[in-house]
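These notes concern the structure reproduced below.
The values are calculated or read from the model by the stated rules, or taken from the named source; none is laboratory data. This is a predicted model, so every value here is computed, not measured. Every residue, glycine among them, receives a Cβ derived from its backbone with ideal geometry; neighbour counts consider all protein chains shown.
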């Protein structure tokens, strides 16, 4: 089935992905506005993928994490860096590996 | 080691049932362990792919941001944003599912739309090639991000299933099977005991009968 | 104790991801939506790049015989980590990937090989659990 792409970001991020063809873009201004927009996008059955910048996701805090946990299989939500390249210090993938197979294995996985 | 022994009547029937149960549990354990091993392989495969996919996507994304600032510098920020509003926003991704041993995982494919300047939508006379470059770079970035999204969802799903399977393998190996084996041993011992008691009782009865004669 | 029921349930669940009916490589290549219906009512999609890769490994006559997904059979009887591939065309394809000589309709492979196969053909291969 075909789905659309949505982006939540600052002006530059949204401009860039709009040029690439993303249907819905939301420029983040305030926390509440963006949280409610996120809820809308997650409920929209036509949307398969939502891109959101790390910076904004962090700003949305606990409510963001809760909203993500409650969502269904689709849309998929992916966090991306904005033009400053900001990525958070907490690496979720690292934590996932540690939780699943243990800490020593993480070292091996990173070493390749 | 004192294993918890289930309260059970020590009969041969019960012993037979238990032996069958242990055999089933052992079979189940071995199969689930194969599944667990296979899931571990899958997990590390996905992780490796994620490593490459992530760096490719992030590199491309920073290229895209750079192309966008070049575009803003050349064309002007307002014109660039205007062009993005005029652009044809019809990108679609095809999402289906694939299965990995009982886990359903999404597959994502960008519908290949080779868009050139005309089909991108913005009016040509006010734009220049830098806009096209920025669009192309972001299109490439989006393609790579879509791949990354698929891999990350897969990793999460596999991890969850792996944890569940591991718990079941351990429950069988360290709790259920030892308990069944201990109960079997208990019944065997009791049956032996009962048989000996029976035997000696019969001997006494025989002795009594012989004494009467 | 209903442990037996739980175990039977788990064991039944092991193969529920498998398709009701497999399709040939030829059929998949010709389809715009190469996929199979799975036993639990869902859909399993084959990736085009894998289909093209397989087509390159197998002569055209065999493409109609190669059934997808290729099944990697796991049976504790083979030993932990060992797996079996059956089907002449399937064995040809897998042997080529692993750089082995293919003889006949059956191939026994070991854990490192399984990892390689799954890496190259994540959607066109599936695990099959044998109750043994």
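Taking the listed residues A:42, A:73, A:78, A:38, the one that is loosely packed, with under 14 Cβ neighbours inside 10 Å and touching a helix residue (DSSP H, G or I) at 6+ places or on another chain (Cβ under 9 Å) is A:73, with no other qualifying. Filtered by the rule that a residue be surrounded by fewer than 20 Cβ atoms within 10 Å (Cβ to Cβ) and under 13 Å from the mean Cα position of the chain (by Cα), the range C:24-35 gives a lone residue, C:24. For the range B:116-141, the tally of residues that are surrounded by fewer than 19 Cβ atoms within 10 Å (Cβ to Cβ), modelled with pLDDT under 70 and either within 12 Å of chain A (Cβ to nearest Cβ) or part of a helix (DSSP H, G or I) (or both) stands at 7.
Mind checking which helices (runs of 4 or more DSSP H) fall wholly inside the range C:1-120 and carry at least 3 residues that are facing chain B (nearest Cβ under 9 Å)?
Details: elements: C:3-13, C:25-30, C:48-57, C:60-63, C:88-98, C:111-120.
Because the criterion is at least 3 residues that are facing chain B (nearest Cβ under 9 Å), the helices (runs of 4 or more DSSP H) in the range C:1-120 that meet it are C:3-13, C:111-120.
Considering only residues in the range A:45-70 that are buried (at least 17 other Cβ atoms within 10 Å of the Cβ) and away from chain B (no Cβ under 12 Å), the one that is nearest to the chain's Cα centre (by Cα) turns out to be A:57. Across the range B:28-75, the number of residues qualifying as free of Cβ contacts under 8 Å to residues at least 60 places away in the same chain, under 30 Å from residue C:81 (Cβ atoms) and out of contact with any helix residue (DSSP H, G or I) (no Cβ under 7 Å at 6 or more places or on another chain) comes to 4.
Checked against (1) surrounded by 18 or more Cβ atoms within 10 Å (Cβ to Cβ); (2) modelled with pLDDT under 90; (3) over 30 Å from residue C:112 (Cα atoms), residue B:90 passes all but condition (1). All of B:27, B:88, B:54, B:49 fail the test of being facing another protein chain (nearest Cβ under 7 Å) and assigned to a helix (DSSP H, G or I), apart from B:27.
If only one of A:50, A:77 is assigned to a strand (DSSP E or B), touching a strand residue (DSSP E or B) at 6+ places or on another chain (Cβ under 8 Å) and closer than 13 Å to residue A:3 by Cα, which one is it?
Working: A:77 fails: closer than 13 Å to residue A:3 by Cα.
After applying the criteria, what remains is A:50.
Screening residue A:16 against (1) surrounded by fewer than 21 Cβ atoms within 10 Å (Cβ to Cβ); (2) touching a helix residue (DSSP H, G or I) at 6+ places or on another chain (Cβ under 7 Å); (3) assigned to a helix (DSSP H, G or I) leaves a single unmet condition, (1).
Any idea which residue in the range B:161-184 is surrounded by the most Cβ atoms within 10 Å (Cβ to Cβ), counting only those that are out of contact with any helix residue (DSSP H, G or I) (no Cβ under 8 Å at 6 or more places or on another chain) and touching a residue at least 24 places away in the same chain (Cβ under 8 Å)? Even if it seems obvious, please write down each step before you answer.
Kept after step one, since they are out of contact with any helix residue (DSSP H, G or I) (no Cβ under 8 Å at 6 or more places or on another chain), are these residues of the range B:161-184: B:164, B:167, B:170-171, B:174-175, B:178-179, B:182.
Imposing the further condition that a residue be touching a residue at least 24 places away in the same chain (Cβ under 8 Å) reduces the set to B:178-179, B:182.
Details: B:178: 14, B:179: 18, B:182: 16.
Taking the candidates together, the pick is B:179.
In the set (1) part of a loop (DSSP other than H, G, I, E, B); (2) away from chain B (no Cβ under 11 Å); (3) surrounded by 14 or more Cβ atoms within 10 Å (Cβ to Cβ), the condition left unmet by residue A:29 is number (3). Looking across A:68, A:105, one residue alone is in a helix (DSSP H, G or I) and at pLDDT below 80. It is A:105.
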